[in-house]
Amino acid sequence: PSDTGRVLSIQSHTVQGYVGNKSAVFPLQLLGFDVDPINSVQFSNHTGYPTFRGQVLDGKQLWDLIEGLEENQLLHYTHLLTGYIGSVSFLDTVLQVVDKLRSVNPDLVYVCDPVLGDEGKLYVPQELISVYQQKVVPVASMLTPNQFEVELLTGLRITSEQDGLTACNTLHSAGPRKVVITSALIGGKLLLIGSHKKTQEQPPEQFKIEIPKIPAYFAGTGDLTTALLLGWSNKYPDSLETAAELAVSSLQALLKRTVEDYKRAGFDPSTSSLEIRLIQSQDDIRSPVVTCKAVKF
Ligand code: ATP
Ligand code: PLP
Ligand code: MG
Ligand code: NA
Ligand code: MG
């Protein structure tokens, strides 16, 4: 672990708006990383709008880019970051990418947001679930599922904090040393739950952060959260807690600004999905003021 790194980020691109790579690349650059984006799709806008158009990259096209990098000995990465992946063939190719990058750098950190769905709704083909379970989770260094995704990956229902911690333990035993449930609604509260298994022998260090719920719906916040967790975890490799406090605090400042901007423009922020004010929040990303503190279990 060092101050900086080079991240290969395989995520969606939207021409307008901030999801996928559009919400991950700029913050990671602000935190000092070289970021090399591969756009798994290029859409006009995110899929929450009434329509969208664009192109989807397939597994073969992804591999072609990797081979191009390899031919020029450009495959040395410190981190791989993946988000939404829409097909089994693309996900299988991502697994080949993990192997390839680890053959160049055995210390490669793979940060995986296992995007499957949210609030009870699946966004991806059903067949992806078992591929994540059996092949992806085992090779991930850090996993950042939401509540629904943890349930799908572990088969456990998460209705209490204890359920969340148990599910993190289950995921640790499958592979990743760091697990962050990026959002879970438990007992009417919005929580982030983190778990860091530092050694094989000791139990994981576990914590929660309570997040003040803003009555609005945002796109791109999950992708931004994972990017910030990658960035701050590299600076604080031994304290997932600190990394999560910084990530959540940045997010909250950005979301507050987003809602205020929409209100100022005369929009009711509770009526539709909001585009985050990412560029305008660069100071909150570079130097967050910790407003959301972790509580240890
Ligand atoms: P995934 O990308 O895996 O689906 P996710 O469902 O956890 O992840 P979000 O629901 O966008 O993604 O939540 C990620 C983070 O964004 C939360 O930890 C929280 O900090 C912030 N966030 C999102 N929506 C809100 C909200 N309405 N109020 C307060 N914070 C929010
Ligand atoms: N990627 C694409 C192409 C999307 O359309 C969306 C949301 O609509 C996302 C990602 C969502 O990202 P997040 O879970 O960060 O809100
Ligand atoms: Mg969510
Ligand atoms: Na997540
Ligand atoms: Mg999401």
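Rule-based calculations on the coordinates, nothing more; no lab input. Since we're looking at a predicted model, the values are computed, not measured. Positions of Cβ are generated from backbone atoms using ideal geometry, with glycine treated the same way; all protein chains shown enter the neighbour counts.
Specify whether the C-alpha gyration tensor of region 1-149 places it in the rounded, prolate or oblate class, a ≥ b ≥ c being the square roots of the eigenvalues: rounded for a/c under 1.5, otherwise prolate if a/b is larger than b/c and oblate if not. It comes out rounded by the Cα gyration axes. Eigen-decomposition of the gyration tensor built on the alpha-carbon atoms of region 83-219 gives equivalent ellipsoid semi-axes of 24, 19, 13 angstrom, largest listed first.
Distance between the modelled labels on N169 and R286, one decimal in nanometres: 4.4 nm (7 Å Cα→Cβ projection).
In a fully extended conformation the segment linking D34 and K293 would gain 90.3 nm over its present Cα-Cα distance, using 0.36 nm per residue. Across region 177-188, coupling constants 3J(HN,Hα) worked out from phi with the 6.51/-1.76/1.60 Karplus curve, θ = phi - 60°, read 6, 10, 10, 10, 7, 6, 7, 8, 9, 10, x, x Hz, and Gly and Pro carry x.
The slack in the chain from V104 to K256, taken as 0.36 nm per residue of separation less the alpha-carbon distance, amounts to 50.5 nm.
Restricting to bridges with both residues inside region 76-153, how much of the DSSP beta-bridge set is antiparallel, in percent to the nearest 5? Present the calculation step by step, with values, prior to reporting the outcome.
Numbers: 2 of 8 bridges.
Roughly 25 percent of the DSSP beta bridges within region 76-153 come out antiparallel.
With helices as the sole contributors, the chain gives -11500 deg cm²/dmol at 222 nm; each DSSP H run of n ≥ 4 counts as -39500 (n - 2.57), and the sum is divided by every residue.
Over region 27-67, what portion of Cα pair distances is larger than 17 Å, expressed as a whole percent?
Pairs farther apart than 17 Å: 52 percent.
If R0 is 35 Å, what FRET efficiency do you get for K263 and D58 from their C-beta distance, rounded to 0.05? With R0 = 35 Å, the Cβ-Cβ based efficiency is 0.25.
The share of alpha-carbon pairs in region 193-259 lying farther apart than 18 Å comes to 41%. Using equal-weight Cα scatterers in the Debye expression, the normalised intensity of region 220-297 in log10 at q = 0.11, 0.19, 0.21 Å⁻¹ is -0.31, -0.79, -0.91. Counting only DSSP beta bridges whose two residues both lie in the chain, roughly 50 percent are antiparallel. Of the residues T159, T225, T82, the one that moves most in a GNM of the chain with alpha-carbon contacts below 10 Å is T159.
Counting every C-alpha pair in region 26-95, the share spaced more than 21 angstrom apart comes to 38%. For E275, no residue has an amide H sitting under 5 Å from its own, ignoring neighbours fewer than 5 places away on the same chain, with H placed 1.01 Å from N.
Each Cα pair of region 153-283 feeds into the Kirkwood radius, which the Stokes-Einstein equation turns, at 25 °C and 0.890 mPa s, into a diffusion coefficient of 154 µm²/s. Taking the Cα centre of the chain as origin and assigning +1 to Lys and Arg Cβ atoms and -1 to Asp and Glu Cβ atoms, the resulting dipole is close to 600 debye.
Spin-label model, E70/S44: points 7 Å from Cα along the beta carbon direction are separated by 3.7 nm. Compactness ratio for region 138-181: Cα radius of gyration over 2.2 N^0.38 Å (N = residue count) comes to 1.00. According to the calculation over all Cα-Cα pairs in the chain, the P(r) per 10 Å bin from zero is 6, 29, 38, 22, 4, 0 %.
If you filter region 26-130 for chymotrypsin sites (Phe, Trp or Tyr not before Pro), then keep DSSP loop positions with at most 16 other Cβ within 10 Å, what is left?
The qualifying sites are F52, Y123.
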